[in-house]
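Derivation of every value follows stated rules applied to the coordinates shown; laboratory data play no part. Small disclaimer: the values here were computed from a predicted structure and weren't measured. Cβ atoms come from the backbone with ideal geometry, glycine included; neighbour counts cover every protein chain shown.
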Amino acid sequence: MGGVNTENTSGPVLIVVALTVEARPLVSSLNLKFHSHGEYRNDEFTLIVTGVGRISSAISTTKAFSLNDDYVSVLNFGLCGSRNPKTNIGEMRYVNRIREVCTGRDFFPDPLIAHEWKESAIQCHDQPAQDPNVMDFDLFAEIVDMESAGFFQAATLFLPVHSIHCIKVVSDHLDTSRKSTKAIEDLINNRVSEISKYLRQISRSIIAAKPKIHAHIQSSIDDIAKSWRLTKTQVHSLHKIALGASLRKIDFRPIFKKIESENPMVKSDRNLAFTNLCRELAK
């Protein structure tokens, strides 16, 4: 955390779940009310239901941050499978590494909030994993889901990694047979007090990191915003992504060197150049 200033702050926590049945126990426990855009919220928390899959999770997470840039932390919660038959159904796991199976990339949450759960690596598949052999390429990733990688990549566009959390409840041993709504809710209700306690701990003890961006980097960002005629929304997004890149100690020099000759004159070219720049900073 060298080169980073920290200060206590407060703000809403975003909760991301895939299914309505996973959301219900938390909505009840946290006393959330339904609002527009499909959100459930109160002053402390906002919960969104994304649908199944990493793409749906990424899109919905990005949309939530686009609608409200005040979130100071985000939690992905849901069910997972385990290939270890000795794992108890209903166990809680804090995810400390995410393997995106389709690309082989790894992502690493870095929590600063204490917890009492076992930590596990998770594999994020695009299809339900039924055969334990499909998980053998990563023997250290015991649990599996379909959302975590998409969620995490979207969240890192807006928050530092220590503000991004992923908690799972083991629901099966790679058994994809359909479970009843009651069975799923019972699994979560058995743990909902722990989850709610952790969420409130996040909400009341947020540590927001503000990376120091060197003056020459800020100057380059300002020059790009002016010469490309970026919109206010684009400037705001670029600044937040640059803050995240600074926290991850990204080397800005080759990125800015690559685009210094670009001077998009029409809106479509500008938007494409802006998207490519954001992708480079978010790597």
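Over the chain, what is the relative contact order in whole percent, taking alpha-carbon pairs under 8 Å and six or more residues apart?
Reported relative contact order: 23 percent.
Among the aspartates and glutamates, which fall within straight-line cross-link reach of K179, defined as a Cα-Cα distance under 13 Å, with same-chain neighbours fewer than 8 residues apart omitted?
Reachable aspartates and glutamates: E22.
Cut-off 10 angstrom, C-alpha nodes, Gaussian network model of the chain. Which of A149, A64, A183 fluctuates the most?
A183
Sequence gap at least 6, Cα distance under 8 Å: using those rules, report the relative contact order of the stretch 88-189 to the nearest whole percent.
Reported as a whole number, the value is 36 percent.
In a GNM of the chain with a 10 Å cut-off on Cα contacts, which of F158, F65, F34 has the highest mean-square fluctuation?
F34
Specify the angular offset, from 0 to 90 degrees and rounded to the nearest 10, of the alpha carbon long axis of helix 267-282 from the longest principal axis of the alpha carbons in the chain.
Compared with the principal axis, the helix lies near 60 degrees.
Roughly what % antiparallel, to the nearest 5, for the DSSP beta bridges in the chain?
40 percent
When the chain is treated as a GNM, springs tying every alpha-carbon pair under 10 Å, which of N263, N189, N76 comes out with the largest mean-square fluctuation?
Highest fluctuation of the listed residues: N263.
So what's the net charge close to F34: Lys and Arg +1, Asp and Glu -1, counting the other residues with Cβ under 14 Å from its Cβ?
Result for the neighbourhood of F34: +2.
Using 7 Å Cα-to-Cβ label points, what is the Q127/L19 separation (nm, one decimal)?
Calculated label separation equals 2.0 nm.
From zero up to wherever the largest Cα-Cα distance of the stretch 97-139 sits, split into 10 Å bins and tell me the percent of pairs in each.
Result returned by the calculation: 23, 50, 22, 5.
Just to confirm a number: summing +1 for Lys and Arg and -1 for Asp and Glu over residues other than K179 whose beta-carbon lies under 13 angstrom from that of K179, what do you get?
Overall, the nearby charge balance is -3.
Output the pairs from K63/K182; K63/K118; K118/K197; K168/K240 with a Cα-Cα distance over 21 Å in this structure; if there are none, say none.
From the list (K63/K182; K63/K118; K118/K197; K168/K240), the Cα-Cα distance tops 21 Å for K63/K182; K63/K118; K168/K240.
For the stretch 53-134, give the share of DSSP beta bridges that are antiparallel, in percent and rounded to the nearest 5; count only bridges with both residues there.
Antiparallel bridges make up about 30 percent of those DSSP assigns within the stretch 53-134.
Would you mind counting up the charge near P264? Only other residues with Cβ under 10 Å from its Cβ, with Lys and Arg at +1 and Asp and Glu at -1.
+1
Could you tell me whether the stretch 137-200 comes out rounded, prolate or oblate from its Cα gyration tensor? Rule is a ≥ b ≥ c as square roots of the eigenvalues, rounded for a/c under 1.5, then prolate if a/b exceeds b/c, otherwise oblate.
Note, shape of the stretch 137-200 comes out oblate.
For the stretch 10-208, just the Cα atoms, rotate onto the principal axes and tell me the three extents in Å, largest first.
For the stretch 10-208, the Cα spread along each principal axis is 44, 35, 30 Å.
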